[in-house]
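Only one structure is covered here, and it is reproduced in the block below.
Throughout, read-outs are computed from the coordinates displayed, never taken from laboratory work. Predicted model, so just to flag it, every value in this text is computed and none were measured. With ideal geometry, Cβ positions are generated from the backbone for all residues, glycine too; neighbour counts draw on all protein chains shown.
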Amino acid sequence: MQIKDNFWKNKKVLITGHTGFKGSWLCLWLNSLGADITGYALEPPTDPSLYKLCKINELVNSVISDIRDLSVLQSAIQSSEPEIIIHMAAQPLVRESYLNPTETYMTNVMGTVNLLNSIRNCNSVRVIINVTTDKCYDNKEWFWGYRENEPLGGYDPYSSSKACSEIVTSAFRNSFFNIKNYDTHRVAVASARAGNVIGGGDWADDRLIPDCIRSILDNKEIHIRNPNATRPWQHVLDPLSGYMTLAEKLYNYGPEYSEAWNFGPNDDDARSVEWVVKNLCSKWGNKASYVIDNGTHPHEANYLKLDISKAKSRLSWAPTWDINTAIEKTIEWSKAYFKNEDLRECCLKQINEFTV
């Protein structure tokens with residue numbers, strides 16, 4: 001995937017959720033391309049965190065605050081004067097949403113409202129991308145990928161909150177940033193729906209790969225809850241390259257791309273949980289192993305897949321690393337962490353390998 005260095009050089013970018021896993025990788029990548037980055041987020045959600053391990057606070061102007069705090073958010077946007085906003089601040093976990101549904105909806109829905117409303121009077125903004133999820137679709141458990149025009153839904157609070165966030169984005173686009181009036185407001189608004197991302201530096205609880213890595217590093221057997229659940233797995237750099245490609249299109253051709261976009265793997269990389277864990281153990285070596293946890297767990301979808309035809313056709317975007325490479329790169333990063341290597345350099349090395 002070729003990302004144009006000269007496009008991002010000196011661009012003012014606001015990333016919400018920059019202290020999280022995906023946000024940290026995006027900060028590293030955009031900084032390496034010369035972007036002027038402001039981050040807005042809570043403190044890193046995990047310890048350890050990619051944000052702290054890579055000292056990303058040295059690379060960005062960091063505002064530590066809640067996306068639900070409208071006054072602080074508005075002040076951060078007005079003072080940083082961003083041209084491009086990539087909104088990733090969220091409560092991102094399905095199981096957590098069962099425990100704290102109110103906080104999930106407030107963060108994922110009202111956080112989006114706050115952000116979109118804040119840019120209505122900010123003349124610098126040209127592009128906003130709301131990053132949601134593949135789980136925003138009304139999942140019918142069918143065996144083909146969901147297209148961007150499929151009905152939205154969500155069984156659990158997390159999934160439905162992200163569907164709500166998509167509806168909010170569409171409503172603001174229609175009401176305040178309508179493509180028919182683009183020459184007046186000059187703001188292009190899109191949403192991005194990505195699959196299950198993996199990669200080095202994800203320490204979130206109740207996520208498959210982080211749970212696996214923790215167990216392996218602690219010399220414990222891996223426990224998997226839903227071995228047959230199939231997901232569109234992809235390395236974190238793949239959807240990030242999609243967001244960056246989309247941002248450039250929106251900046252240059254706003255109305256033509258102001259809509260929803262899927263960023264997922266090729267069909268062959270939609271694999272079961274057990275397949276992923278088995279391959280992770282095999283590639284890691286050192287007798288890494290797993291067992292199936294047959295206990296009672298909250299509902300999660302069994303089958304989920306994205307149709308990425310539109311992004312391939314209209315953005316000329318396609319996934320770069322298949323699931324095997326994604327697992328290998330995740331293991332490479334995790335072993336570098338175990339050996340106390342320079343993790344910022346490890347990330348930049350993988351970004352360079354990805355873009356070659």
Which residue fluctuates the most in the chain, going by a Gaussian network model with Cα springs under 10 Å, if the choices are Y290, Y51, Y158?
Y290
Degrees, to the nearest 10: 157-176 long Cα axis against longest axis of the chain:
20 degrees
I'd like the Karplus ³J(HN,Hα) series for region 184-191: coefficients 6.51, -1.76, 1.60, θ = phi - 60°, whole numbers in Hz, and an x wherever there's a Gly or Pro.
8, 8, 6, 10, 9, 10, 9, 10
Choice from T46, T38, T132 showing the highest fluctuation, given a GNM over the chain with Cα pairs closer than 10 Å
T46
Expected sort for 213-222, 11-20, 24-33 on mean C-beta neighbours within 10 Å, highest first, is 11-20, 24-33, 213-222
Estimate the FRET efficiency between I64 and W144 by the formula 1/(1 + (r/R0)^6), using the beta-carbon distance for r and 45 Å for R0, to the nearest 0.05.
0.60
Using alpha carbons only, how many degrees (0 to 90, rounded to 10) separate the axis of helix 237-253 from the longest principal axis of the chain?
10 degrees
Between K305, K283, K180, find the one with the highest GNM mean-square fluctuation for the chain; connect C-alpha pairs within less than 10 Å.
K180
Which of the three applies to region 211-355, rounded, prolate or oblate, going by the alpha-carbon gyration tensor with a ≥ b ≥ c and a/c under 1.5 meaning rounded?
oblate
Please determine, in degrees from 0 to 90 and to the nearest 10, the orientation of helix 21-32 with respect to the longest principal axis defined by the Cα atoms of the chain, where the helix direction is its Cα long axis.
60 degrees
One finds the C-alpha centres of region 64-80 and region 96-142 to be spaced, in Å, by 16 Å
